[in-house]
Amino acid sequence: MEVLILEDETAVAIQGAMLVVELIEKKSNAVLGLATGRTPIQLYSNLINYYKQGRISFEHIQTFNLDEYYGLSENHPSNFRQFMQRHLFDHIDIETTNTHLPNSNSNNPRLVGPAYEALIKASGGIDLQILGIGRNGHIGFNEPSSSLASRTRIKTLTNSTLQDNQLGSGKEELPDMAITMGIGTIMDARRVLLLAVGKNKATPVRNAVEGPISSMSPASALQAHQYVTVILDEDAASDLKLRDYYRWVHLKSEDIKAKYGNFYEIDLLER
Ligand code: F6R
């Protein structure tokens with residue numbers, strides 16, 4: 001894992017957006033995996049700015065969101081489709097038909113997962129998956145005890161996730177089930193970008209980066225992915241044992257990249 005520790009939330013969002021911009025500049029029809037929640041909002045507004053400045057276009061980009069509540073209508077203000085419209089899609093030149101979220105209104109939720117997986121596959125697969133992390137270590141809505149090989153499916157949310165989601169949505173009741181990409185689905189992305197900010201993410205981040213790989217800490221599965229970049233502010237990094245080492249590696253790898261380019265990015269384009 002590449003772990004970048006930056007001074008604050010703004011720096012995390014700038015660095016995260018730069019990785020997306022660099023990908024789009026190299027691959028104008030890239031497939032992006034997107035997250036909702038508080039963490040990526042600033043990253044998305046940076047992307048909107050880069051679009052408005054004419055640096056990037058989303059005309060040929062496809063997106064797949066990690067998850068969607070089960071049972072909320074498509075126009076419901078709290079569903080993730082509406083979140084994405086508000087924070088990104090309404091402000092860029094993306095085709096709505098190229099933006100995908102799991103279908104939250106299917107009569108048979110068990111068919112939604114395989115259909116979503118097939119759509120991701122048909123797109124050529126996700127080039128870059130953006131992730132936040134839950135207080136309980138979840139990625140997507142893969143709650144603790146999720147199979148590390150899981151695929152897109154319906155999932156019951158934990159109390160801590162329900163509480164956190166409720167905070168962001170006012171007073172209304174939100175569904176206690178969601179359809180989420182599985183950990184196996186996330187692991188298929190060519191590159192993964194995990195963002196975390198704030199003190200309440202310090203423990204899940206430590207478990208994800210330095211803990212044992214365990215279904216009790218779903219984000220720890222990313223240790224077995226070959227190309228993960230974790231971008232943290234100082235607070236989210238504060239429990240990491242090796243944080244001085246990660247800073248040192250970051251400096252060294254900037255030198256290497258400046259001299260020789262980024263091996264993995266070359267690999268990404270060739271796939
Ligand atoms: C969102 C998602 C979740 C969030 C996580 C962190 O689509 O799948 O895993 O990324 O709950 O949420 P925030 O960013 O609100 O702390």
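When the residues of segment 138-157 are narrowed to those that are of a type in the set (A, V, I, L, M) and away from the ligand (no atom under 12 Å from the Cβ), which ends up surrounded by the fewest Cβ atoms within 10 Å (Cβ to Cβ)? Break it down stepwise before answering.
Step one: of segment 138-157, the residues of a type in the set (A, V, I, L, M) are 139, 148-149, 154, 157.
Now drop any that are not away from the ligand (no atom under 12 Å from the Cβ), which leaves 148-149, 154.
Values: 148: 16, 149: 12, 154: 17.
For segment 138-157, the residue satisfying everything is 149.
Only one residue in 219, 202, 196 is hydrophobic (A, V, I, L, M, F, W, C) and over 23 Å from residue 20 (Cβ atoms). Which one?
Working: 219 fails: over 23 Å from residue 20 (Cβ atoms); 196 fails: over 23 Å from residue 20 (Cβ atoms).
Going through 219, 202, 196 in turn, the sole match is 202.
Hey, can you tell me all the residues within segment 35-54 that are within 14 Å of the ligand (Cβ to nearest atom) and surrounded by 14 or more Cβ atoms within 10 Å (Cβ to Cβ)?
Of everything in segment 35-54, those that are within 14 Å of the ligand (Cβ to nearest atom) and surrounded by 14 or more Cβ atoms within 10 Å (Cβ to Cβ) turn out to be 35, 36, 37, 39, 40, 41, 42, 43, 44.
Going by the conditions given, is residue 135 open to solvent by 40 Å² or more (accessible area, probe 1.4 Å), within 12 Å of the ligand (Cβ to nearest atom), in contact (Cβ under 8 Å) with a residue 40 or more places away in the chain and among the charged types (D, E, K, R)? Let's see the steps before the verdict.
Working: open to solvent by 40 Å² or more (accessible area, probe 1.4 Å): yes; within 12 Å of the ligand (Cβ to nearest atom): yes; in contact (Cβ under 8 Å) with a residue 40 or more places away in the chain: yes; among the charged types (D, E, K, R): yes.
In short, yes.
Given (1) more than 14 Å from the chain's Cα centre (by Cα); (2) in contact (Cβ under 8 Å) with a residue 24 or more places away in the chain; (3) within 12 Å of the ligand (Cβ to nearest atom), where does residue 163 come up short, assuming only one miss?
(2)
Quick one: which residue in 25, 68, 117 is assigned to a helix (DSSP H, G or I), acidic (Asp, Glu) and touching a Ser or Thr at 6+ places or on another chain (Cβ under 6 Å)? Break it down into steps so the answer makes sense when it comes.
Values: 25 fails: touching a Ser or Thr at 6+ places or on another chain (Cβ under 6 Å); 68 fails: assigned to a helix (DSSP H, G or I).
After ruling out the rest, the residue left standing is 117.
Could you go through segment 1-22 and let me know if any residue there is over 30 Å from residue 206 (Cα atoms) and more than 16 Å from the ligand (Cβ to nearest atom). If you could, list the steps in order and put the result at the bottom.
Our first condition is that a residue be over 30 Å from residue 206 (Cα atoms); within segment 1-22, this holds for none.
So far as segment 1-22 goes, no, none of its residues is over 30 Å from residue 206 (Cα atoms) and more than 16 Å from the ligand (Cβ to nearest atom).
So which residues in segment 87-111 are within 16 Å of the ligand (Cβ to nearest atom) and not in a strand (DSSP E or B), if there are any at all? Before you say what the answer is, go through the steps one by one.
Of all residues in segment 87-111, those within 16 Å of the ligand (Cβ to nearest atom) come to 87-89, 99-104.
Those that are within 16 Å of the ligand (Cβ to nearest atom) and not in a strand (DSSP E or B): 87, 88, 89, 101, 102, 103, 104.
Residues of segment 186-198 being away from the ligand (no atom under 12 Å from the Cβ) and either over 12 Å from the mean Cα position of the chain (by Cα) or more than 23 Å from residue 41 (Cβ to Cβ) (or both), which ones? Walk me through how you get there before you give the answer.
Our first condition is that a residue be away from the ligand (no atom under 12 Å from the Cβ); within segment 186-198, this holds for 187-192.
Correct list: 187, 188, 190.
The values are calculated or read from the model by the stated rules, or taken from the named source; none is laboratory data. Since the model is a prediction, treat every value here as computed from it, not as a measurement. Positions of Cβ are backbone-derived with ideal geometry, glycine not excepted, and every protein chain shown enters the neighbour counts. Areas reflect the complete protein model, heavy atoms only, side chains present, ligands, DNA and RNA absent. Shrake-Rupley method; radii C 1.70, N 1.55, O 1.52, S 1.80 Å.
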